[in-house]
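J.: Have a look at the structure that comes next, please.
No lab work stands behind these numbers, since they all come straight from the coordinates. The structure displayed is predicted, hence computed values, not measured ones.
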Amino acid sequence: MDEYIDIVSENGDQTGKVALKSEAHKNGWFHNTIHLWLFTRQGEILLQQRSHKKAIYRYFGMYRLLAILTPANL
């Protein structure tokens, strides 16, 4: 799902620009994200494996955190 996100500078400062997430990724523009790390009581990190159908081909089958969100998802 594509969504509009705020574009930030390399230092994380707001630029006032908004773009589709796909455009930001394609152009290498910075945007804020939130990484949520979940641990079991045994100290294991919970991960999920990306779908092989994921639109960003270079990440097929890779493991990642359970939730990586842009502020627009909140």
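J.: Provide the gained length on full extension for the span ILE34 to GLU3, in nm with one decimal, where the gain is 0.36 nm per separating residue minus the Cα-Cα distance.
T.: Stretched fully, the ILE34-GLU3 segment lengthens by 9.6 nm.
J.: What is the gain in length, in nm to one decimal, between ASP13 and GLN42 on full extension, counting 0.36 nm per residue of separation less the C-alpha to C-alpha distance?
T.: Residue separation times 0.36 nm, minus the Cα-Cα distance, leaves 6.7 nm.
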